[in-house]
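Peer 1: Please find one structure pasted underneath; my questions will follow.
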Amino acid sequence: MRFGGTNFANVSITDILKEPIKMKAPKIILVHNHPSGDATPSEQDIVFTNQLYDATTLLGIQLLDHLVIGNKAYTSIFSKMISETKDEMRQGGQV
């Protein structure tokens, strides 16, 4: 667990992966809250998710999802990324 302000938290990939590595966990899900109550992932959330995904892939750990919790709502960053990729492909005429 990490603590931050209303719009940031100090967290590192190393800190997140210490326990899964120690436990030899084959899969993980990352969950964090937005104190503002808005469950929309920030650009920093998406960048961090991509970096974490790369790190877990190298370590043989499957990152199943990264969830952002808000007031009575949550957003799956993976679902959001898949949806945006599909939208981009549609706009480019590739789907």
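None of the figures in this text is laboratory data; all of them are computed from the coordinates on show. Keep in mind the model is a prediction, meaning the values are calculated, not measured. Neighbour counts run over all protein chains shown; Cβ positions are idealised from the backbone, glycine included.
Peer 1: Kindly establish whether residue 33 is within 8 Å of the chain's Cα centre (by Cα) and among the polar types (S, T, N, Q). Outline the logic, then answer.
Peer 2: Details: within 8 Å of the chain's Cα centre (by Cα): no; among the polar types (S, T, N, Q): yes.
So residue 33 does not fit the description; no.
Peer 1: Would you pick out the residues in the range 6-50 that are assigned to a helix (DSSP H, G or I), under 22 Å from residue 60 (Cα atoms) and among the polar types (S, T, N, Q)?
Peer 2: Scanning the range 6-50 gives 14, 49, 50.
Peer 1: Restricting the search to the range 64-75, which residues are farther than 14 Å from residue 17 by Cα and either outside any strand (DSSP E or B) or touching a Leu at 6+ places or on another chain (Cβ under 6 Å) (or both)?
Peer 2: 71, 72, 74
Peer 1: If you scan the range 51-63, which residues turn out to be in a strand (DSSP E or B) and within 9 Å of the chain's Cα centre (by Cα)?
Peer 2: The answer is 63, and nothing else.
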